[in-house]
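K.L.:
I'd like to ask some things about the structure below.
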Amino acid sequence: MTKSNHAEQIDTITSSQKHDQSDNGDEHIVEAENTGRRKFIGYMLKGSSFAVALHITGGALRPQDANAQLLGIPELADELDLTDLLLISGDPFYYDYLIKITSDNRVRFELPRMEVGQGILTAAMMILAEELDVEMSSIDATLSPAEIRRATGQITGGSHAITSLWDPLRKVAAALLHKIKLSAAVHFGLSVNDISTENGFAIGNDGSRIAYSALTAGVEGRNDAARLAQPKDPSQYKIIGTQQKRVDARDIVTGKLDFAMDLDVVPDAMPTVVARPPSLGGRVITFDDSEAIGLPGVLAIREVPLDVDANSSGVAVVARSFGEAFRARDALNISWSEGAAENLSDAEVIEQLRAINLPTLPNIPLATDSVGGEFIFPYLAHAPMETMTALADATGSKVRVWTGAKTPLAAQAKIARELGVLPTDVEVNVIQSGGSFGRRLFFDAAVEGARISQIVNRPIKLMFTRQDDTKFGRARPLSLHNVKATYTRGFLIGKKVLSFDHRAATAELDLEHGFGDGITALGGELAPAAFSQTIWHSTQLVQYKFGVTSLLLNEKNSLCQPPLGAASTPAQLPSQTR
């Protein structure tokens, strides 16, 4: 698949609306003709920063004037960006689908990505209906649970869902349709060229008809032979390229769609909330539940580790209803240790980042001038509409979890390690969720839910409150950026751009989800610097010929850590503790 095809694929699916929605729920207008999608998004993300820097010069730098710059030296992202890395890593596992033809001649389809409102479920159904010659209304589509065999082929992120689905799903469906035609040819005693298909039926040139369900049960699992299949020519499209309604829109607006907290797959799963520390990284020293335990509906109160890596702790309350759980949580008397960031201000964080940010390249005396500045990006919460939730049952021989997970295989591996079981004994069911903005790349709720279920020995429904999600969610970290462009003064060769430097400093990035599977997720834990630099250099798209380009990411892995011995130790509570 060539890079120039990326925009064409997405544009073709919904050409009448000319929109593409990213995996984070953002909607982007599809780019102008002959402009690659990757470059378009780069313009959108980077353009504001460049505009600020260029405005300072009063027009000294004019990126649209190619004659004003020297030949640019490409950065990694110019040749291999994050989308490319995701496609390369996932390609060996992309030809793995469940497409079943049921006895009533319907198509059952599992999408190995996560729908969070970006519309990829509808887009995938359009592709499938087009290639199988069936109506979209005859397809029953759900989201696929974590399947270990898919490895890096089941991550939803980086706005690459449709790009990664386009060729594989079309070809697997085309291969299935060819199989149907072959079976129909044998059944009718005709040549395969005498068979056509329409609305779920194979039709002979003599008018004979037979339902798909009488010819095949469909496909499931790896189907690498489909790489050689020939999908339809765009000139034959009847569905792709036409305006289609979102298949889930009515269920969403009428409240019919089930999110994780609506599920009744484990009837005795009880509502659960957690009293979390007042500061990040805080831990329970003691807690008194003598008042809370006697309140109506309360079933269990336990101290539990929090966060994916158990960096803090809290107190979980399990009750008959969420209202009763909240009342009991508020009645707890808890003594907390201070977290590492308890007394840290934004100004102090900025100073720490300034201290680690390397300098930009110096000017050549008399011969060059420069323009640039310091830019500070604040902390931003992802804040999806639906808070983090998980239904978990760790009471049996297998651990079962239902949650919104964009990296379900990484979640599966982490839960297995935390609970001391094999990954094959962990079932992670992916549930459609209300928004993500990248938040659901992380699986805090799934891990915490499985831990709590094991500790209280009963199925639970864990829900983060809006305050929990905002305060303890994976915010985009505060980052500091020094940007500088150096150009000649114009004495001999005119004003030409010599170099462009971008120095970024931020807290250590959390990329423990890796490329979505357990192996690279472990790599993200063991070698976080390597993953951070890979993601950084594959996402920094410099759109202009800015001469020598240098992009450096500087991370502070001890940001917000207190001095040795500075952690507070509040006194023990005098009352009964648990």
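Each reported figure results from applying straightforward, stated rules to the coordinates on display, with no laboratory input. Predicted model only: the values in this text are computed from it and were never measured. When we count neighbours, we look across all protein chains shown, and the Cβ atoms used for this are built from the backbone with ideal geometry, even at glycine.
K.L.:
Full-extension gain between His178 and Gln230, please, as 0.36 nm times their residue separation minus the C-alpha to C-alpha distance.
P.N.:
17.8 nm
K.L.:
Now, a different point. What's the local net charge at Ala390, with K and R +1, D and E -1, over the other residues with C-beta under 10 Å away?
P.N.:
Local charge sum for Ala390: -1.
K.L.:
Add +1 for every Lys or Arg and -1 for every Asp or Glu among the other residues with Cβ under 10 Å from the Cβ of Asn333, and state the total.
P.N.:
It works out to a net charge of -3.
K.L.:
Give a quick list of chymotrypsin sites (Phe, Trp or Tyr not before Pro) in the stretch 429-513 that DSSP marks as loop, anything other than H, G, I, E or B, with at most 10 other Cβ atoms within 10 Å.
P.N.:
Phe491
K.L.:
Follow-up question, since we're still on this one. Using 0.36 nm times the number of residues separating Asp369 and Ala310, minus their current alpha carbon distance, what extension gain do you get?
P.N.:
16.2 nm
K.L.:
Please order His160, His513, His382 by the number of other Cβ within 10 Å, starting at the fewest.
P.N.:
His382, His160, His513
K.L.:
Do any trypsin sites (Lys or Arg not before Pro) in the stretch 320-406 lie in a loop, going by DSSP, with at most 16 other beta-carbon atoms within 10 Å of their beta carbon, and if so which?
P.N.:
Arg320, Lys398
K.L.:
The stretch 289-330 to the stretch 354-378: how many Å between their Cα centroids?
P.N.:
Taking the Cα centre of each part, the stretch 289-330 and the stretch 354-378 sit 51 Å apart.
K.L.:
Report ³J(HN,Hα) in whole Hz for each residue of the stretch 366-379, in order, from the Karplus equation J = 6.51 cos²θ - 1.76 cosθ + 1.60 where θ = phi - 60°; Gly and Pro get x.
P.N.:
After applying 6.51 cos²θ - 1.76 cosθ + 1.60, I find 6, 8, 10, 10, 8, 9, x, x, 9, 10, 10, 9, x, 4 Hz.
K.L.:
Related question: If Lys and Arg each add +1 and Asp and Glu each add -1, what is the summed charge of the other residues whose beta carbon sits under 15 Å from the beta carbon of Thr254?
P.N.:
Surrounding charge for Thr254 is 0.
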